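The values are calculated or read from the model by the stated rules, or taken from the named source; none is laboratory data. This structure is a prediction, so every number in the text was calculated from the model and none was measured. Methodologically, a virtual Cβ is constructed for each residue, glycine included, from the backbone with ideal geometry; neighbour enumeration extends over all protein chains shown. With ligands, DNA and RNA removed, areas are computed over all heavy atoms of the protein, side chains included. Shrake-Rupley method; radii C 1.70, N 1.55, O 1.52, S 1.80 Å.
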Amino acid sequence: RPVELPPPSHYRHGLRVAIVPTRKFSVNMIDPRTKYSARLSSVLAIAEAQLRGVDEALFMDALGVVTESTASNFCIVKRGALITPPCWLGLLRGITRDVIEELTGALRLPFQEIPLTRHEIYNADEAFLTSTIKEVLAVTRVDGRVIGTGRPGPLTRRMHRAFRALIAKELGHGRR
């Protein structure tokens, strides 16, 4: 099936996500640096998200720490710092996630890798997903709770603009 890009409304309003009980493979079973075709856990998580009437699902590890979504890395903003789960939790180190980390340095924003609990997510100022397809896409509700103002936040929008500007520059569209 062709890749479906998120509709513009998702960038204007953000996504609703749910933290689901479905687990991905443990870091003991499959090296997280490996992209693998066994996607059953993602299919089950998406089905759970659809049953809850939300756009996407977030996984937790066996200890109850939130790791990533079904096809994206996850980040929150708290007091001006971008915080994302560390890869040693068993998540795939995404290319877009790495670019966001580089952009935070260029924009002089703090970037931290720490395990995230539900409490930390529910009390975040902003949240977003990163992936090649989604780029930087705001999360405005988690488990029915409003994140920040319930709209894409200023740092999320800033990171998305910076990401798109970098891509345009890399593709040669930023030359004048």
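Here is a yes/no grid of residues against (1) in contact with a strand residue (DSSP E or B) (Cβ under 7 Å, 6 or more places away or on another chain); (2) modelled with pLDDT of 95 or more; (3) of a type in the set (A, V, I, L, M):
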position	(1), (2), (3)
Leu82	yes, yes, yes
Glu126	yes, yes, no
Phe163	yes, yes, no
Gly174	no, no, no
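Inside the stretch 50-101, can you point out the residues that are among the aromatic types (Phe, Trp, Tyr) and touching a helix residue (DSSP H, G or I) at 6+ places or on another chain (Cβ under 8 Å)?
Phe59
Do you know which residues across the stretch 144-176 are within 21 Å of Ala49 (Cβ to Cβ) and open to solvent by less than 40 Å² (accessible area, probe 1.4 Å)? Matches in the stretch 144-176: Ile147, Gly150, Pro152, Thr156. Look at the stretch 137-163: where a residue is in contact (Cβ under 8 Å) with a residue 12 or more places away in the chain and under 16 Å from Phe111 (Cβ atoms) and a partner is open to solvent by 60 Å² or more (accessible area, probe 1.4 Å) and not in a loop (DSSP other than H, G, I, E, B), sitting 6+ places away or on another chain with Cβ atoms under 8 Å, you get Ala162/Ala106.
Cβ-Cβ distances below 7 Å connect the following pairs, each with a first residue in the stretch 121-132 that is part of a strand (DSSP E or B), a second residue that is hydroxyl-bearing (Ser, Thr, Tyr), and a separation of six or more residues or different chains: Glu126/Thr156; Phe128/Thr156; Leu129/Ser69; Leu129/Ser72; Thr130/Ser72; Thr130/Thr96; Ser131/Ser72; Ser131/Thr96. Of all the residues in the stretch 99-143, those that are open to solvent by 10 Å² or more (accessible area, probe 1.4 Å) and hydrophobic (A, V, I, L, M, F, W, C) number 8.
Looking across the stretch 126-159, just one residue is touching a Gly at 6+ places or on another chain (Cβ under 9 Å), more than 19 Å from Arg79 (Cβ to Cβ) and among the hydrophobic types (A, V, I, L, M, F, W, C), and that is Leu137.
Reported count of residues in the stretch 38-70, each being under 19 Å from Ser131 (Cα atoms), among the charged types (D, E, K, R) and either open to solvent by 20 Å² or more (accessible area, probe 1.4 Å) or without any contact (Cβ under 8 Å) to a residue 12 or more places away in the chain (or both), is 2.
Condition test on Asn73, is it polar (S, T, N, Q), surrounded by fewer than 19 Cβ atoms within 10 Å (Cβ to Cβ) and at pLDDT 95 or above?
Numbers: polar (S, T, N, Q): yes; surrounded by fewer than 19 Cβ atoms within 10 Å (Cβ to Cβ): no; at pLDDT 95 or above: yes.
So Asn73 does not fit the description; no.
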